[in-house]
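One structure below.
The values are calculated or read from the model by the stated rules, or taken from the named source; none is laboratory data. Every value quoted in this text rests on a predicted model; they were computed, and no experiment measured them. Glycine also receives a Cβ, built like all others from the backbone with ideal geometry; neighbour counts cover every protein chain displayed.
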Amino acid sequence: MTHTWYKDAVFYELYVRAFRDSNGDGNGDLKGLIAKLDYLQELGVDCIWLLPICPSPLFDDGYDVADYYDIHKDFGTLADFKTLVEGVHARGMRIIIDVVVNHTSDEHPWFIESRSSTTAPKRDWYVWSKTNKRYEDARIIFLDTEKSNWAYDELTGEYYWHRFYSQQPDLNYDNPAVREEMLRIVDFWMELGIDGFRVDAVPYLIEREGTNCENLPETHDYVKQLRAHMNTKWPGRILLAEANQWPHDVRAYFGDDDEFHMAFHFPIMPRLFMALKQASRQSIVDILARTPDIPALTQWCIFLRNHDELTLEMVTEDERQFMWAEYAPEPRMRQNLGIRRRLAPLLDNDERRIRLLNAMLFSLPGSPIIYYGDEIGMGDNIWLDDRNGVRTPLQWDNTKNAGFSEADATYEPVIDTDEFSYQRVNVEQQRANPVSLWHFTRKILALRKQYRAFGRGTFEFVLPDNEGVLGYWRVYQDDTTGQTERFLVLINLTNQAQQVTLDLAAWAGVEPVDALTGNAWPVISDGPSAFELAPYAFHWLRLD
Ligand code: GLC
């Protein structure tokens, strides 16, 4: 159980720059985060995930690394990082960080050397070509800004390959020196005591002519090498894959328990939002039906929002148009193939729907990730460029800069207008209010952790005739004690009361108890069981 801690864990994703500024320079930093660890512990978080913290020009918020062996000067020092890791562990929590394997910044010394001449020793660390006509079947990911995956370099008259911004040249994983170097980087951070990595942009490591250059067998070979290295040197620490792909392609990244421990389930995320607007469970049922079983030691990671746009890459064209029309009516809300908005504004700040989606996040298969600020229903700022509008400072209280920083100007402005302004939405005020979203989040998190059913249990749909209602069993059998945890989760996806009739005769005589409220339901009879669910109601009924 201890080596598979990630199956029971609740993750919390945060951007150090946005969390808390300790020295008044307008940027959040490691010392600020250290000072707020009690807050994360109080919320009940098991594992924090830090967005990139290495030196970087921050063209892509640190996903453009200029030195893998240090901390960005705005965020602190390696000594601060050690203190952070100790502080996390002292509170019984864990910490993972991003490792950006696919590409570096164009300001990384490796790239500066690589581009300096066609015969430079590090020339082959990146992917160079005399023409920009190679790998034409690879899609462009940052559609809003990039015209090609090739960028022309004046100095040597050749093109270099980049799957993201042209400021992020791709490393060449056909080069054994690159593969070795990445393992050294892994060891460096592991030695600092972290519990794992969120591995960025995994599918794109290798390019091959005639393919879409994603999920290639050679990429899996490298992942296997990385995992074998982890198993030997760092057992118990995890690799979490960012592979924004269809379920069967992501399934391959679990390998035979010899690749990633965890992977994000990207396709289910937009479908949770879609199901609400369609007042129908169908899209959720379809995608989970298309989701293969995964090996014993692996786990999905599920999320509602993260630091990127709400991606609509893993939907059909019709579904994308539907999502854009419903959730991003204003063009500024759209980005690439997605929507750059936070959870609460997406749901019109309707707490019933925010809680409903969380009730699914915390009970569907996988380990949930909370995106910082969503525990209080923070807003976004669509007038900021790129994805910065969902990366604004965490709103701690109603003092200057929301209690985030003493500076006159912060790295991005604090949200200070209308219903999401920090005067109205902040941690302090919600902690003081027992019926706030913050208290709800804390409670549902704690509740989930009382059971193994949600992290480790089996999953089976319960599909009444009424499409507006989603139901599922989560059942966990403890082999040593013989005890069973059995939950029937019922979700009303609509804004109307809904009738459901279920055949629960096998449980006749059992009195279901809603774990979320403690309320007992009528004893189940041996005939059909009829219930009425209030608008947007959710129940976690214990039937054991
Ligand atoms: C991942 C990150 C995203 C970044 C990209 C390139 O998708 O989540 O923020 O821009 O990789 O590194």
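The set of residues in region 328-351 that are part of a helix (DSSP H, G or I) and exposed (fewer than 15 other Cβ atoms within 10 Å of the Cβ) comprises 331, 332. If the condition is being in contact with a strand residue (DSSP E or B) (Cβ under 6 Å, 6 or more places away or on another chain) and surrounded by fewer than 22 Cβ atoms within 10 Å (Cβ to Cβ), then region 307-323 contributes only 311.
Table: residues versus (1) within 16 Å of the ligand (Cβ to nearest atom); (2) out of contact with any strand residue (DSSP E or B) (no Cβ under 9 Å at 6 or more places or on another chain).
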{"position": "243", "(1), (2)": "yes, no"}
{"position": "275", "(1), (2)": "no, no"}
{"position": "287", "(1), (2)": "no, yes"}
{"position": "291", "(1), (2)": "no, no"}
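The residues in region 116-149 that are touching a residue at least 12 places away in the same chain (Cβ under 8 Å), of a type in the set (Lys, Arg) and over 17 Å from residue 164 (Cβ atoms) can be counted, and the count is 3.
Annotation note: of 187, 195, the sole residue that is away from the ligand (no atom under 16 Å from the Cβ), under 26 Å from residue 53 (Cβ atoms), within 24 Å of the chain's Cα centre (by Cα) and surrounded by 22 or more Cβ atoms within 10 Å (Cβ to Cβ) is 195.
When you check residue 166 against the structure, is it more than 30 Å from residue 83 (Cβ to Cβ), in a loop (DSSP other than H, G, I, E, B) and without any contact (Cβ under 8 Å) to a residue 60 or more places away in the chain, yes or no? Here the answer is no, as residue 166 does not meet what is asked.
What helices (runs of 4 or more DSSP H), lying completely within region 390-485, carry at least 3 residues that are crowded, with 21+ Cβ neighbours inside 10 Å?
Details: elements: 427-431, 437-449, 453-456.
Fully inside region 390-485 and qualifying: 437-449, 453-456.
Each row is one residue, and each column tells you yes or no for (1) surrounded by fewer than 19 Cβ atoms within 10 Å (Cβ to Cβ); (2) of a type in the set (Ser, Thr, Tyr); (3) out of contact with any Lys or Arg (no Cβ under 7 Å at 6 or more places or on another chain).
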site	(1), (2), (3)
229	yes, no, yes
238	no, no, yes
255	yes, no, no
287	no, no, no
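Scanning region 119-159 for residues that are away from the ligand (no atom under 16 Å from the Cβ), of a type in the set (Phe, Trp, Tyr) and either surrounded by fewer than 18 Cβ atoms within 10 Å (Cβ to Cβ) or not in a loop (DSSP other than H, G, I, E, B) (or both) yields 125, 128, 150, 152, 159. Looking at the structure I just gave you, is residue 103 farther than 20 Å from residue 240 by Cα, crowded, with 19+ Cβ neighbours inside 10 Å and at pLDDT 95 or above? Spelling it out, it is not the case that residue 103 is farther than 20 Å from residue 240 by Cα, crowded, with 19+ Cβ neighbours inside 10 Å and at pLDDT 95 or above.
Could you please tell me which pairs satisfy a Cβ distance under 8 Å, a separation of 6+ or placement on different chains, a first residue in region 355-382 that is more than 16 Å from residue 268 (Cβ to Cβ), and a second residue that is in a helix (DSSP H, G or I) and acidic (Asp, Glu)? From region 355-382, the pairs are 377/351; 379/418; 379/419. Per the conditions (1) in a helix (DSSP H, G or I); (2) closer than 26 Å to residue 195 by Cβ, the sole criterion not satisfied by residue 325 is (2).
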